[in-house]
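Below: the structure, in structure tokens.
None of the figures in this text is laboratory data; all of them are computed from the coordinates on show. Just so it is clear, the structure is predicted and the values come from calculations on it, not from any experiment. Cβ placement follows ideal geometry from the backbone for every residue including glycine, while neighbour counts extend to all protein chains displayed.
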């Protein structure tokens, strides 16, 4: 997983065919409980680059505003640099896998 900032975000989503970004904050308890679920998700989907944006760090709140993140945790999926969907709230890894597969149109996952 890659920690992202306003300086590294655009390059991250443009250089990876699939990018899944976790918008979170260190004071957010549901965000913290998502860490192990996100690890499981990442292991199951090695073809998806995982990034994390701590909205409390520096100018990162502007990224949350740019992508209309109003609740956290919030996960945003990009394909070829284009936003294709988002998932709000704490999820299990199975739920993340199912929802991302649905966003990608995967029929066999």
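Any chance you could get the radius of gyration and Dmax over the Cα atoms of region 40-83, in Å?
Spelled out, the Cα radius of gyration and Dmax of region 40-83 are 11.8, 31 Å.
Identify which of 73, 46, 36 has the largest mean-square fluctuation in a Gaussian network model of the chain, with springs joining Cα atoms closer than 10 Å.
In the Gaussian network model the winner is 46.
Which value in nm describes the separation of the simple spin-label points at residue 29 and residue 5, placed 7 Å from the Cα toward the beta carbon?
That separation, rounded to one decimal, is 3.1 nm.
Please work out which option in (i) 40, 29, 21; (ii) 73, 33, 23; (iii) 35, 27, 23 gives Cα extents along the principal axes in Å calculated from these coordinates, and answer with its label.
From the options (i) 40, 29, 21; (ii) 73, 33, 23; (iii) 35, 27, 23, the structure gives (i).
Is it possible to state the helix-based mean residue ellipticity at 222 nm for the chain, with each DSSP H run of 4+ residues giving -39500 (n - 2.57), the sum divided by total residues, to the nearest 500 deg cm²/dmol? What is it? Show your work: numbers first, answer last.
On the way: 4 runs with 42 residues, N = 109.
Estimated from H runs of four or more residues: -11500 deg cm²/dmol.
As a footprinting exposure proxy, order 45, 66 by other Cβ within 10 Å, with the fewest listed first.
Details: 45 19, 66 11.
In increasing order of surrounding Cβ atoms, one gets 66, 45.
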